[in-house]
Amino acid sequence: MKLLVKNARQVVAVCSEMQKFLKSQDIDQKFVFFENATIAIDKSGIITHIGSYQDVVSIIPEAQFEEVIDASTKCVIPGLVDGHTHAVWAGDRVHEFALKLKGASYMEIHKAGGGIGFTVDKTRDASEEDLLKLYLQRLGQMLKNGTTLVESKSGYGLDTETELKMLRVIEKAKSLQPIDISSTYCGAHSVPKGMSESDATKDVIERQIPAIVNAIKNGDVVVDSIDVFCEKGVFEAESSKQILLAGKDKGMMINFHAEELNYIGGVEMGVEIGATAISHLEEISDEGIRQMALSNAVAVILPTTAHILKLKHPPVKKMLKEGVIVALGTDFNPNAYCLSMLTVMNLACIMFRMSMEESLVAATLNAAASVGKSDMHGSIELGKWGNLVIFDAPRWEHIIYQMNASEMISHVVKKGDVVF
Ligand code: NIG
Ligand code: FE
């Protein structure tokens, strides 16, 4: 056996039934946690026992474990899952942060060639090695903040060559650090300078996607999902639909940005074509909420963006009440510079009035569902990966309540290995 975590004060298991548990009026009763609990993880990284110390060691004696963590002053939650990041890029946009403080809007900066366009220039110029170095540093920060699975997008290339470069960087990072990565191709993140929306749509469908499919066949990259920035003045709902369907046709899950700044029917379109996840949703319609609840498409909510851009808040409480599966992500990118799901949970509670239980499920099991991985990630359950965040606290809620929560983390466990 690999790891025994013994006598934890509280273990918040989160359990698979909780995927839509928020439909229930009484979430507290369905929120599973154990007091004074012990967890055993086997050599292949799978959780095999959860119970009292006596129960577990009567089946497998403590001496049979390679490593033992005494958690008697600690609490345990599942490894956190970051459902939405743009983490491969060069340069930064601190100068735009200053412009935004003076009142410039995201779209004003975008239309003037800044924003995504600025980062595209820097990323095209950067070498693959430099991008990998930056990406690994960022993943290292995420790990320290308890993230064990992250969704990671391309999208600062907007041409075949650079999109492939970004996807290769994501691929290489998989074997160089412990966080599991779900990769998303986002060649339609913006319309490249000098191109029309329809030319860009054509380029993505006729040139970029075939080249990426080729790279997948050659074993150079793995691509799990396809993304588009479906937004008024960027990719409208109709072009977004064509692009997403072209990816779906090649076996990619649909996981895209919609209704961030303007309502344009992106959610209704996404549900119609079978989206796995839709992000942002500040401007979602009541009908969109209804359709998402019926379809099981996961809503990936990004508090950092609403905070930084002072956007209307997405109607999270209404989504939860109507039975939408709500997940969280950092949206780490040069606009929203946040690598911590701990910060995101705190913001989600305060800005959107999510309860701490709702926020933790959104940052674990439901974020795992947004990348199609809730079968093995996002909860502490028998048969799932032994991915844990262990921290010094009298009660688990401190991991959300304390704004310096990463300092409380004593161990991050990934598939039974202590990786931080
Ligand atoms: O999710 N809205 C589009 N994409 C990103 C921002 C990317 C950028 O500004 O570089 C987002 O917020
Ligand atoms: Fe994004």
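The values are calculated or read from the model by the stated rules, or taken from the named source; none is laboratory data. What you are looking at is a predicted structure, and each value in this text was computed from that prediction instead of being measured. Reconstructed Cβ throughout: ideal geometry from the backbone, glycine too, with neighbour counts over all protein chains shown.
Going through region 104-135 one residue at a time, which ones are out of contact with any helix residue (DSSP H, G or I) (no Cβ under 6 Å at 6 or more places or on another chain), more than 23 Å from ASN262 (Cα to Cα) and surrounded by fewer than 20 Cβ atoms within 10 Å (Cβ to Cβ)?
ASP121, LYS122, ASP125, SER127, GLU129, ASP130, LYS133, LEU134, listed by residue number.
Residues checked against (1) buried (at least 21 other Cβ atoms within 10 Å of the Cβ); (2) of a type outside the set (Asp, Glu):
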residue: LYS217; (1), (2): no, yes
residue: VAL222; (1), (2): no, yes
residue: LYS232; (1), (2): no, yes
residue: GLU259; (1), (2): yes, no
residue: ILE264; (1), (2): yes, yes
residue: PRO303; (1), (2): yes, yes
residue: LEU311; (1), (2): no, yes
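Which of the residues spanning region 69-98 are farther than 30 Å from GLU128 by Cβ, of a type outside the set (Ser, Thr, Tyr) and in contact (Cβ under 8 Å) with a residue 12 or more places away in the chain?
Those that are farther than 30 Å from GLU128 by Cβ, of a type outside the set (Ser, Thr, Tyr) and in contact (Cβ under 8 Å) with a residue 12 or more places away in the chain: ILE69, ASP70, ALA71, LYS74, CYS75, VAL76, ILE77, PRO78.
Pick from region 158-178 the residues that are surrounded by fewer than 24 Cβ atoms within 10 Å (Cβ to Cβ) and part of a loop (DSSP other than H, G, I, E, B): which of them is nearest to ligand 2 (Cβ to nearest atom)?
ASP159
Please state which one of ASN218, ASN145 is at pLDDT 95 or above and over 19 Å from the mean Cα position of the chain (by Cα).
Criteria check complete, one pass: ASN218.
Give the residue, chosen from ILE325, ILE350, that is away from ligand 1 (no atom under 16 Å from the Cβ) and touching a residue at least 24 places away in the same chain (Cβ under 8 Å).
Every option except ILE325 fails the conditions.
Looking at GLU282, GLU287, which one is within 13 Å of ligand 2 (Cβ to nearest atom) and either aromatic (Phe, Trp, Tyr) or surrounded by fewer than 23 Cβ atoms within 10 Å (Cβ to Cβ) (or both)?
Among GLU282, GLU287, only GLU282 is within 13 Å of ligand 2 (Cβ to nearest atom) and either aromatic (Phe, Trp, Tyr) or surrounded by fewer than 23 Cβ atoms within 10 Å (Cβ to Cβ) (or both).
Any chance region 91-107 includes a residue that's assigned to a loop (DSSP other than H, G, I, E, B), over 22 Å from GLY233 (Cα atoms), within 13 Å of ligand 1 (Cβ to nearest atom) and not assigned by TED's automatic domain parsing to the domain that holds LYS414?
Looking through region 91-107, at least one residue is assigned to a loop (DSSP other than H, G, I, E, B), over 22 Å from GLY233 (Cα atoms), within 13 Å of ligand 1 (Cβ to nearest atom) and not assigned by TED's automatic domain parsing to the domain that holds LYS414.
Can PHE420 be described as within 30 Å of LYS310 (Cα to Cα) and crowded, with 17+ Cβ neighbours inside 10 Å?
So PHE420 does not fit the description; no.
Could you please find all residues in region 297-313 being on the phi < 0 side of the Ramachandran plot and away from ligand 1 (no atom under 13 Å from the Cβ)?
If the condition is that a residue be on the phi < 0 side of the Ramachandran plot and away from ligand 1 (no atom under 13 Å from the Cβ), then ALA297, VAL298, ALA299, LYS312, HIS313 are the ones that fit.
Output the number of the condition that THR330 fails; it satisfies all remaining conditions of (1) over 24 Å from GLU287 (Cα atoms); (2) at pLDDT 95 or above; (3) more than 11 Å from the chain's Cα centre (by Cα).
Going through the list (1) over 24 Å from GLU287 (Cα atoms); (2) at pLDDT 95 or above; (3) more than 11 Å from the chain's Cα centre (by Cα), THR330 breaks only (3).
Name every residue in region 385-394 that is buried (at least 22 other Cβ atoms within 10 Å of the Cβ) and assigned to a loop (DSSP other than H, G, I, E, B), in order of residue number.
Selection gives GLY386, ASN387.
The conditions are (1) buried (at least 17 other Cβ atoms within 10 Å of the Cβ); (2) over 26 Å from SER52 (Cβ atoms); (3) more than 16 Å from ligand 2 (Cβ to nearest atom), and GLY83 fails exactly one of them. Which is it?
Going through the list (1) buried (at least 17 other Cβ atoms within 10 Å of the Cβ); (2) over 26 Å from SER52 (Cβ atoms); (3) more than 16 Å from ligand 2 (Cβ to nearest atom), GLY83 breaks only (3).
Look at region 179-214 and say how many of its residues are small (Gly, Ala, Ser) and buried (at least 19 other Cβ atoms within 10 Å of the Cβ).
Looking only at that region, the number is 6.
Can you find a residue in region 52-67 that is among the β-branched types (Val, Ile, Thr), exposed (fewer than 14 other Cβ atoms within 10 Å of the Cβ) and in the same structural domain as GLY157 (by TED's automatic domain parsing)?
Within region 52-67 (the criterion being among the β-branched types (Val, Ile, Thr), exposed (fewer than 14 other Cβ atoms within 10 Å of the Cβ) and in the same structural domain as GLY157 (by TED's automatic domain parsing)), the answer is no, since none of the residues qualifies.
List every residue pair whose Cβ atoms lie under 9 Å apart, where the two residues are 6 or more positions apart in sequence or sit on different chains, the first residue falls within region 260-280 and is free of Cβ contacts under 8 Å to residues at least 60 places away in the same chain and hydroxyl-bearing (Ser, Thr, Tyr), and the second residue, located anywhere, is part of a loop (DSSP other than H, G, I, E, B) and away from ligand 1 (no atom under 13 Å from the Cβ).
From region 260-280, the pairs are TYR263/ILE284; TYR263/SER285.
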